[in-house]
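Taken together, the values in this text are just the output of simple stated rules run on the coordinates, not laboratory data. Predicted, not measured: the structure shown is a model, and the values here were computed from it. As a convention, Cβ positions derive from the backbone with ideal geometry for all residues, glycine included, and neighbour counts pool all protein chains shown.
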Amino acid sequence: MEQKTILLVDDDPVINFIHRTIISSVFSHNKIIAVENGELAIEHIRNNPNSSYLIFLDINMPVMNGWDFLDAIRPQKEKFDLSIHILTSSIDSRDIEKSSKDELVKSYLTKPLNRDTILNLRSSM
């Protein structure tokens, strides 16, 4: 499998710590970076355009939420290697439906991540 930079985009430091721990148990050789909002995620991606990214994107964040991140990165999607997975506590059917219609979103996952979810994701890559 290709080496990917794993980008956690979530404003909750506790959740980022938990997810980093779980993800690193499966993707032990991958770099894991956590940022607090979509704006910081875009900045990181633009500053590191040659990386291949596995992105876990929260929806509800300050500064730039997950939907705004997707809208901002969409015009440049061809420039980057992005595999984006919504990772949220939202069980709102409108969010689920919206993500299913977005060509940038690979899956809709609910928090918290668990090892089985990460193993299944890795096997599908």
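Worth pointing out:
- Mean residue ellipticity (222 nm) of the chain, computed from DSSP H runs ≥ 4 via -39,500 (n - 2.57), nearest 500: -11500 deg cm²/dmol
- Taking the three principal axes of the alpha carbon atoms in region 1-51, the coordinate ranges are 28, 28, 10 Å, sorted in descending order.
- Spin-label pair HIS29/SER123, simplified geometry with 7 Å Cα→Cβ offset, distance in nm: 2.1 nm
- With Cα atoms defining each centre, region 21-52 and region 87-106 are spaced 20 Å apart in the structure.
- Along its principal axes, the chain has C-alpha extents of 33, 31, 27 angstrom, given from the largest down.
- Region 26-125: GluC sites (Glu not before Pro) in DSSP loop, at most 14 other beta carbons within 10 Å: GLU103
- Note on the chain: Lys pairs 8 or more places apart or on different chains, Cα atoms under 23 Å apart, count 17.
- Spacing of the two label points (7 Å from each Cα toward its C-beta) at GLU43 and ARG74, in nm: 2.4 nm
- Model label zone, ARG115; criterion: amide N under 14 Å from point 7 Å along Cα-to-beta-carbon; scope region 7-41: 21-28
- Residues whose placed amide H lies under 5 Å from that of LEU109, excluding near-sequence neighbours: ILE86, LEU87, THR88
- Across the chain, the mean sequence separation of Cα contacts (distance under 8 Å, 6 or more residues apart), normalised by length, yields a relative contact order of 26 percent.
- 3J(HN,Hα) couplings calculated from phi for region 89-105 with the Karplus curve 6.51 cos²θ - 1.76 cosθ + 1.60 (θ = phi - 60°) are, in sequence order, 8, 6, 10, 5, 4, 5, 5, 4, 5, 4, 5, 5, 8, 8, 5, 7, 8 Hz; Gly and Pro show x.
- Within the chain, longest stretch free of exposed trypsin sites (Lys or Arg not before Pro) [DSSP loop, at most 15 other beta carbons within 10 Å]: 32-100
- Gyration tensor verdict on region 78-125 (Cα atoms; rounded if a/c is under 1.5, prolate if a/b is larger than b/c, oblate otherwise): oblate
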